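Everything on this sheet refers to the single structure shown next.
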Amino acid sequence: MTNFFSRVGKQLDDILVSGARSSARRFGRRSALAKLGGFLVGGAVVATLPFDRGFAATGEKPAPIDDDKTCDYWRYCALDGNLCTTSGGSKTSCPVGAEASQVSWVGTCHNPGDKRDYLVSYYDCCGKTPYSGAQFCLHSKGERPGYSMGLHNDINWCMANANKGYHCTVAIVLGVAE
């Protein structure tokens, strides 16, 4: 049995060696490098072409524009923090045991439902530790540079309150932006 495997192994080895030598006689190193380079450039070009990712859809419906428990809700366009709707409160009121910050920031958000822009005021709810299951959102649409405290949302707005612990953020519509 050992002779059989050694003969088959020698034949396979001879076939591979003769194939490699034949290939080396027909194709030079430059030819092989040129083909390899062509494959690499072709792959890079194909990777830059636009394509439709719709085939990868999971079949889930997109979140409706009025779902205030997701970061995509229209009035959260400049919100940076935990959603109070997922932390025991609502989009306009802090949860029990927390109080609204005495200072806030504003954003102008577009409501796709009525196609109008609204001025939205964001208040941090202070006095409780953050809820671990809260939805965190970071939207900085139209955010100003941080050189002046009132111009951007990357601040603990609870600093003016007696209890400075941050819990979540509410978004109150102030009116239509004219």
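Conditions tested, residue by residue: (1) modelled with pLDDT under 65; (2) farther than 20 Å from ASN156 by Cβ; (3) part of a helix (DSSP H, G or I).
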| residue | (1), (2), (3) |
| --- | --- |
| GLY42 | yes, yes, yes |
| GLY54 | yes, yes, yes |
| LYS69 | no, yes, no |
| CYS94 | no, no, no |
| GLY97 | no, no, no |
| VAL103 | no, no, no |
Practice problem: Could you please let me know if THR85 is within 30 Å of VAL106 (Cα to Cα), polar (S, T, N, Q), at pLDDT 75 or above and not in a helix (DSSP H, G or I)? | Solution: no
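The values are calculated or read from the model by the stated rules, or taken from the named source; none is laboratory data. Because the structure is predicted, anything quoted here is derived from the model rather than measured. All Cβ positions, glycine included, derive from the backbone under ideal geometry; neighbour counts span all protein chains shown.
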